[in-house]
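Below you'll find the structure, written out as structure tokens, and then a few comments.
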Amino acid sequence: FLIRAIGPGLAAFGVTGTLADPVLEVLSGQTVIATNDNWSQAANATQMAGTATAVGAFALAPGSTDAALLVELAPGVYTARVQGGGRTTGEALVEVYALAVD
């Protein structure tokens, strides 16, 4: 799955009051199994950008504070939680893309 929490990236679409620094967590029950703050600092940022292009998602700016994860999840129930870094608030968009398994 490609899961993204977009805050600053929404400004390009005219959204005001965006969440300046979204922090994305994926939980199984109460257990955090993956987290990201600032997608372009992730070790797999290049792969995430390529995957976003492949699924038709808009590009995130390099160096932006938007958050994203590329995760393999077993069948089950999960929660994507978005919080503002430093307890900030604002508008955010959560996207979840199921990827084909080769």
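The values are calculated or read from the model by the stated rules, or taken from the named source; none is laboratory data. Everything numeric in this text was worked out from a predicted model, so none of it was measured. Glycine gets a Cβ as well: all are built from the backbone with ideal geometry, and neighbour counts include every protein chain shown. What goes into the accessible areas is simple: the full protein's heavy atoms, side chains included, and nothing from ligands, DNA or RNA. Shrake-Rupley method; radii C 1.70, N 1.55, O 1.52, S 1.80 Å.
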Residues of the chain: accessible area per residue with a 1.4 Å probe, Å²: 58
Just to be sure I understand: with springs between alpha-carbon atoms less than 10 Å apart, which residue in Ala57, Ala92, Ala68 has the highest mean-square fluctuation in the Gaussian network model of the chain? Ala57
When Lys and Arg each count +1 and Asp and Glu each count -1, what net charge do the other residues less than 15 Å away from Ile33, Cβ to Cβ, add up to? -1
So if I place +1 on the C-beta of Lys and Arg and -1 on the C-beta of Asp and Glu, and nothing else carries charge, what would the dipole magnitude of the chain be about its Cα centre? I want it in debye, nearest 20. 120
For the range 1-20 and the range 29-102, compute the distance between their C-alpha centroids and round to whole Å. 12
State the volume of the convex hull built on the alpha-carbon positions of the range 1-42, expressed per residue in Å³ and rounded to an integer. 94
Test of understanding: what is the full-extension gain from Ala42 to Val101, defined as 0.36 nm times their sequence separation minus their Cα-Cα distance? 19.0 nm
Percent accessible area from carbon and sulfur atoms, the range 8-76, protein chains only, probe 1.4 Å: 56
